[in-house]
Amino acid sequence: TTKENPTKGNTFLVWQGGEVGDFVFRTKVRFTGNNSGVQYRSELVGDPSDFVAKGYQADLHPKPDFFGMLYAEKWRGIVAKRFQRVVVGADGESQVVGKVGDPNQKLVDSEWNELTIIAVGNRQIHQVNGITTMDLTDNHPEAKRTGIIALQLHAGPPMTVEFKNIE
């Protein structure tokens, strides 16, 4: 996006191969100007021509505590920050039960980073450059087990986000 050509809201490039359940997703990503992310086990909401997604997101953020966290777009907000192992109970309450990752790992948004998302059953794991950044076990009855995959272009300041080598 540019100052002259912003996006009205967060919008997504949606994979047209159907819904996914259990999977491993990998891509290389770099971004500048704002945050981005990969939606998964998500759904399109609102006007279909706006490409707005609701669901889990592997968040890609220039702030270190948020790079690789799990954000539930248009749903539950921040579920697990970077370095957290979280269990969400059947009552919807989140509890940090441990630590993951390497607090000395330096991530630079404008450099190519490999993002891996592992989703099996009620568990989701995010990794950046081979190091786990978040580990979630979601026991909430409304936890999503299937849905779309989509790449985010974030509203706000001018930004660029690039994805390559998507598997």
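Observations
- Selection of segment 93-105 for residues being assigned to a loop (DSSP other than H, G, I, E, B) and either without any contact (Cβ under 8 Å) to a residue 24 or more places away in the chain or under 15 Å from Tyr71 (Cα atoms) (or both) yields Glu93, Pro103, Asn104.
- Number of the condition not met by Arg26 [criteria: (1) part of a strand (DSSP E or B); (2) surrounded by 14 or more Cβ atoms within 10 Å (Cβ to Cβ); (3) not hydrophobic (A, V, I, L, M, F, W, C)]: (2)
The rows are residues; the columns are (1) in contact with a strand residue (DSSP E or B) (Cβ under 6 Å, 6 or more places away or on another chain); (2) part of a loop (DSSP other than H, G, I, E, B); (3) loosely packed, with under 14 Cβ neighbours inside 10 Å.
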{"position": "Lys3", "(1), (2), (3)": "no, yes, yes"}
{"position": "Gly9", "(1), (2), (3)": "no, yes, yes"}
{"position": "Arg30", "(1), (2), (3)": "yes, no, no"}
{"position": "Arg41", "(1), (2), (3)": "yes, no, no"}
{"position": "Ser49", "(1), (2), (3)": "no, no, yes"}
{"position": "Gly55", "(1), (2), (3)": "yes, no, no"}
{"position": "Pro62", "(1), (2), (3)": "no, yes, no"}
{"position": "Gly68", "(1), (2), (3)": "yes, yes, no"}
{"position": "Tyr71", "(1), (2), (3)": "yes, no, no"}
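- Of all residues making up segment 109-135, the number that are farther than 12 Å from Gly68 by Cα and hydrophobic (A, V, I, L, M, F, W, C): 4
- Test result for Val88, in contact (Cβ under 8 Å) with a residue 12 or more places away in the chain and in contact with a Ser or Thr (Cβ under 8 Å, 6 or more places away or on another chain): yes
- Members of segment 73-102 that are within 14 Å of the chain's Cα centre (by Cα) and either surrounded by 12 or more Cβ atoms within 10 Å (Cβ to Cβ) or farther than 23 Å from Glu43 by Cα (or both): Glu73, Lys74, Trp75, Arg76, Ile78, Val79, Ala80, Lys81, Arg82
- Condition check for Leu13: in contact with an Asp or Glu (Cβ under 8 Å, 6 or more places away or on another chain) and aliphatic (A, V, I, L, M): no
Taken together, the values in this text are just the output of simple stated rules run on the coordinates, not laboratory data. Computed from a prediction, not measured in an experiment: that's the story for all the values here. Every residue, glycine as well, gets a Cβ built from its backbone with ideal geometry; the counts of neighbours run over all protein chains shown.
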